[in-house]
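Take a look at the structure below.
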Amino acid sequence: MSNKRITIFYDVVSPFSWFGFELLRRYQSVWKGVDVTLQPFFLGGVMGASGNKPPATNPYKGAQMLKEIPLFRKLYDIDIGNPANFPEKSLHAMRILQALKLQGSDKLTAVSLAFWKLYWHDEKSIESKDDLQAYLSPIVGDAAATRLVQHESQTSEVKQALADATKEAVDVHGAFGAPWFVVQNGNETMTFFGSDRMEAIAFFLGEKYVGPCPPGYKQESSKL
């Protein structure tokens with residue numbers, strides 16, 4: 001196990017989580033000595049526990065976010081849209097991802113990206129069981145998708161695990177938004193907020209950073 005580790009806490013309702021998640025994926029092949037852990041959490045719970053509020057609830061923050069997203073779309077080369085119903089409640093979606101994590105599934109990355117695409121690209125509802133199942137099925141199969149949506153995401157174990165991850169992010173790591181990165185380099189630990197902190201994360205780890213679109217990133221982005 002490496003002495004360099006990154007844990008990303010994320011929620012698919014957050015566009016900046018998508019940016020941060022994708023940038024981290026692109027650098028996994030560059031930062032070969034860094035272990036990465038994906039940890040779903042519930043951003044609504046983080047907001048409530050930390051006393052923060054979503055940007056969309058503040059007209060100034062909301063307007064600025066809407067201005068920035070088209071720029072970030074080009075900067076990060078991520079085909080993100082602008083869902084009409086923002087924000088929606090992502091709790092069911094995040095429980096599905098937590099269920100996959102507890103199962104040790106190798107589909108966690110693919111399903112996370114599919115849910116971002118569902119909401120932020122195709123502008124469907126992240127609250128809709130039918131939409132969630134439709135985007136799950138091509139990845140895990142129809143039967144497994146049905147189980148995840150209707151049963152496995154609703155167990156007390158999964159609900160508690162997601163609640164615990166959310167509480168840990170706030171109480172232990174000081175999270176107040178998403179994405180939230182917990183980065184370890186040997187005996188030192190540092191936390192970072194936001195998709196625009198990748199250069200600082202690289203500096204802390206002593207790793208190379210050459211911008212949001214490193215050589216070969218399209219090949220990495222195609223690997224699910």
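The values are calculated or read from the model by the stated rules, or taken from the named source; none is laboratory data. Every value quoted in this text rests on a predicted model; they were computed, and no experiment measured them. Every residue, glycine among them, receives a Cβ derived from its backbone with ideal geometry; neighbour counts consider all protein chains shown. With ligands, DNA and RNA removed, areas are computed over all heavy atoms of the protein, side chains included. Shrake-Rupley method; radii C 1.70, N 1.55, O 1.52, S 1.80 Å.
Condition check ((1) at pLDDT 95 or above; (2) buried (at least 17 other Cβ atoms within 10 Å of the Cβ)) across all residues:
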| position | (1), (2) |
| --- | --- |
| Val183 | yes, yes |
| Gly186 | yes, no |
| Thr189 | yes, no |
| Ala202 | yes, yes |
| Gly206 | yes, no |
| Pro215 | no, no |
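Of all residues in the range 1-28, those satisfying the criterion of being assigned to a helix (DSSP H, G or I) and open to solvent by 10 Å² or more (accessible area, probe 1.4 Å) are Phe16, Trp18, Glu22, Arg25, Gln28. Considering the range 1-27, the residues that are farther than 22 Å from Arg73 by Cβ and not hydroxyl-bearing (Ser, Thr, Tyr) include one that is modelled with the lowest pLDDT, namely Met1. Whether a residue is crowded, with 16+ Cβ neighbours inside 10 Å, among the hydrophobic types (A, V, I, L, M, F, W, C) and closer than 23 Å to Thr7 by Cβ was assessed, and Leu136 does not pass this test. Inspection of the range 99-109 identifies at least one residue that is open to solvent by 30 Å² or more (accessible area, probe 1.4 Å), basic (Lys, Arg), more than 17 Å from Phe42 (Cβ to Cβ) and touching a helix residue (DSSP H, G or I) at 6+ places or on another chain (Cβ under 8 Å). If we scan the range 165-181, do we find a residue that is among the aliphatic types (A, V, I, L, M), over 30 Å from Asp77 (Cβ atoms), touching a residue at least 60 places away in the same chain (Cβ under 8 Å) and open to solvent by less than 40 Å² (accessible area, probe 1.4 Å)? Yes, some residue in the range 165-181 is among the aliphatic types (A, V, I, L, M), over 30 Å from Asp77 (Cβ atoms), touching a residue at least 60 places away in the same chain (Cβ under 8 Å) and open to solvent by less than 40 Å² (accessible area, probe 1.4 Å).
A single member of Thr155, Thr146 is more than 16 Å from Gln98 (Cβ to Cβ) and among the β-branched types (Val, Ile, Thr), and it is Thr146. In the set (1) in contact (Cβ under 8 Å) with a residue 24 or more places away in the chain; (2) assigned to a helix (DSSP H, G or I), Tyr60 fails one condition alone, (1). State whether one or more residues within the range 110-132 are surrounded by fewer than 16 Cβ atoms within 10 Å (Cβ to Cβ), charged (D, E, K, R) and part of a loop (DSSP other than H, G, I, E, B). Yes.
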